[in-house]
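A quick write-up on the structure given underneath.
The values are calculated or read from the model by the stated rules, or taken from the named source; none is laboratory data. Everything quoted here is computed from the prediction, not taken from an experiment. Positions of Cβ are generated from backbone atoms using ideal geometry, with glycine treated the same way; all protein chains shown enter the neighbour counts.
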Amino acid sequence: MSQASQPRIEREFAFNAQDFEFLSNLAYMRTGIVLKDHKFDMVYARIARRCRALGLATIRDYCALMASDEGHAELGNLVNAITTNLTSFFREPHHFDHLRAHVFEPFHRQSSPRLRIWSAGCSAGAEAYSIAMTMQDTIPDIAKRDCKILATDIDTGMLEKAKRAEYSAEWIEKIPQALRQKYVSQNRINEATRALVTFKQLNLLEGWPFKGPFDAIFCRNVVIYFDKQTQIPLFDRFAQMLKPNGYLYIGHSESLHNVSTRFTLVDKTTYQQVS
Ligand SMILES: C[S@@+](CC[C@H](N)C(=O)[O-])C[C@H]1O[C@@H](n2cnc3c(N)ncnc32)[C@H](O)[C@@H]1O
C-alpha cells in the first residue's frame, strides 16, 4: 500500500491522497522536483506551516488557493516549502581539489582574460563561498584579474541566507582551518570573498538570462530530485553553457549515464564537456 493511500492519523489539517497529488503535480510542473509517495508526511509538515501562516483550515483550502488566480502570489512560498536545501561548506571536497588543480591553477599560470564559475542550485551559499575561497587561495593576484562566480537557486529564502553570509559555528567548522583564518571573521564570510559571488534567483527549468561561457559548473545534489525527462535537456543546456572542455561537477549519488553524451567522466562525479 503506498504511503499516500494509507489510512491517515489525526492531523491538525485534513490532508489526503488527492491533495498530495495536486501539490506534487504542481511542484513538478513548476520546479521539476518529483515528490514520490514517501514524501507525503514531509509535504504535509511543510504545507501545514503555510496553512498556519495563511489562516487556512485544511490543505484542501491551500490547494484551492493554488488553483485560483490568487495562488500566483503564494507560488514562491510553495516552492520554498518543497525544496530540500541540505548543503555544507566544502561538501564533497575532492571537487574543490579538482577545481584548484584543473581550473584555477592553469588560469593563474596563463593570461586568460576571464574566469567564470556557476553554482547552479546553490542553496544557502556554502558551495559558492567554498569555490570563492579556493579561488582566492589559488590566484594571489585575483584583485587584478576578472574572476566571478554566479550562484543561483529557485528558493528565495535560501538566497537571502546566502547573501547574509552568516553561518553557525557548526557550519563554519567545515571550512579547512587555513582558509577559515583568511576568509571568515566572526562567523561571517569576509567582504572580499563575498564580492566574488553574485546570487540570483533562477529556475533551472526556465530561461537563463546570461550567456556564459563558464569554465566550470557545479550542479550538485539538485537533479537527484528530477526525473530523466527533466535531466536530459538540462544537461544539454549545461554543455552549451560551458567553455569547450569545461568541467561539470555533480552530486555523489548522481550520474550522467543515459542522460547526456556531451560529457566524459574524468574523475569521481566530475565531467568534462566534449565539444
Ligand atoms: C540539496 S540542495 C544542494 C545545494 C548544493 N548544490 C550542495 O550540493 O550542497 C538543492 C538545491 O536545488 C534547488 N533547486 C531545486 N529545484 C530547482 C530548480 N528547478 N531551479 C533551481 N534550483 C532548484 C533547491 O532550492 C535547493 O536549494
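When S130, S119, S123 are checked against the criterion of being buried (at least 22 other Cβ atoms within 10 Å of the Cβ), in a helix (DSSP H, G or I) and among the small types (G, A, S), S130 stands alone in meeting it. Checking each residue in region 241-268 for being more than 19 Å from A101 (Cβ to Cβ) and among the hydrophobic types (A, V, I, L, M, F, W, C) picks out M241, L256, V259.
Filter the helices (runs of 4 or more DSSP H) completely within region 135-219 down to those with at least 1 residues that are within 14 Å of the chain's Cα centre (by Cα) and modelled with pLDDT of 95 or more. Walk me through how you get there before you give the answer.
Values: elements: 156-164, 169-172, 177-183, 191-194.
Qualifying helices (runs of 4 or more DSSP H): 156-164.
Condition (residue is within 11 Å of the ligand (Cβ to nearest atom), touching a strand residue (DSSP E or B) at 6+ places or on another chain (Cβ under 6 Å) and charged (D, E, K, R)) applied to region 120-136: is it met by at least one residue? Yes - at least one qualifying residue is present in region 120-136.
Would you be able to say whether some residue in region 77-96 is more than 19 Å from the chain's Cα centre (by Cα) and of a type in the set (D, E, K, R)? Within region 77-96, none of the residues are more than 19 Å from the chain's Cα centre (by Cα) and of a type in the set (D, E, K, R). With the structure loaded, tell me whether P233 is in a strand (DSSP E or B), modelled with pLDDT of 95 or more, more than 14 Å from the chain's Cα centre (by Cα) and more than 10 Å from the ligand (Cβ to nearest atom) or whether it fails that test. It is false that P233 is in a strand (DSSP E or B), modelled with pLDDT of 95 or more, more than 14 Å from the chain's Cα centre (by Cα) and more than 10 Å from the ligand (Cβ to nearest atom). For region 236-266, which residues satisfy the criterion of being closer than 18 Å to F214 by Cβ and part of a strand (DSSP E or B)? Listed by number, the residues that qualify are L242, K243, P244, N245, G246, Y247, L248, Y249, I250, F263, T264, V266.
Where residues in region 220-229 are at negative phi and either crowded, with 18+ Cβ neighbours inside 10 Å or assigned to a loop (DSSP other than H, G, I, E, B) (or both), which of them is farthest from the ligand (Cβ to nearest atom)?
Keep residues of region 220-229 that are at negative phi, which gives 220, 222-229.
Of the ones still in play, those that are also either crowded, with 18+ Cβ neighbours inside 10 Å or assigned to a loop (DSSP other than H, G, I, E, B) (or both) are 220, 222-223, 225-227.
On the way: R220: 4, V222: 4, V223: 9, Y225: 6, F226: 7, D227: 12 Å.
My answer is D227.
Determine whether L99 is in contact with a helix residue (DSSP H, G or I) (Cβ under 8 Å, 6 or more places away or on another chain), at pLDDT 95 or above, of a type outside the set (V, I, T) and not assigned by TED's automatic domain parsing to the domain that holds I250. If you could, list the steps in order and put the result at the bottom.
Working: in contact with a helix residue (DSSP H, G or I) (Cβ under 8 Å, 6 or more places away or on another chain): yes; at pLDDT 95 or above: yes; of a type outside the set (V, I, T): yes; not assigned by TED's automatic domain parsing to the domain that holds I250: no.
Answer is no for this residue.
Check L205, L179, L196, L248 and return the single one that is in contact with a Phe, Trp or Tyr (Cβ under 7 Å, 6 or more places away or on another chain) and touching a residue at least 12 places away in the same chain (Cβ under 8 Å). Steps first, please.
On the way: L205 fails: in contact with a Phe, Trp or Tyr (Cβ under 7 Å, 6 or more places away or on another chain); L179 fails: in contact with a Phe, Trp or Tyr (Cβ under 7 Å, 6 or more places away or on another chain); L196 fails: in contact with a Phe, Trp or Tyr (Cβ under 7 Å, 6 or more places away or on another chain).
Going through L205, L179, L196, L248 in turn, just one is in contact with a Phe, Trp or Tyr (Cβ under 7 Å, 6 or more places away or on another chain) and touching a residue at least 12 places away in the same chain (Cβ under 8 Å): L248.
The set of residues from region 87-116 being under 29 Å from T156 (Cα atoms) and either without any contact (Cβ under 8 Å) to a residue 24 or more places away in the chain or surrounded by 16 or more Cβ atoms within 10 Å (Cβ to Cβ) (or both) comprises T87, S88, F89, F90, R91, E92, P93, H95, F96, L99, L115, R116.
Find the residue count for region 61-119, including only residues that are among the hydroxyl-bearing types (S, T, Y) and within 13 Å of the ligand (Cβ to nearest atom).
The first filter runs over region 61-119 and keeps only residues among the hydroxyl-bearing types (S, T, Y), leaving 62, 68, 83-84, 87-88, 111-112, 119.
Imposing the further condition that a residue be within 13 Å of the ligand (Cβ to nearest atom) reduces the set to 83-84, 87-88, 119.
Residues in region 61-119 being among the hydroxyl-bearing types (S, T, Y) and within 13 Å of the ligand (Cβ to nearest atom): 5 in total.
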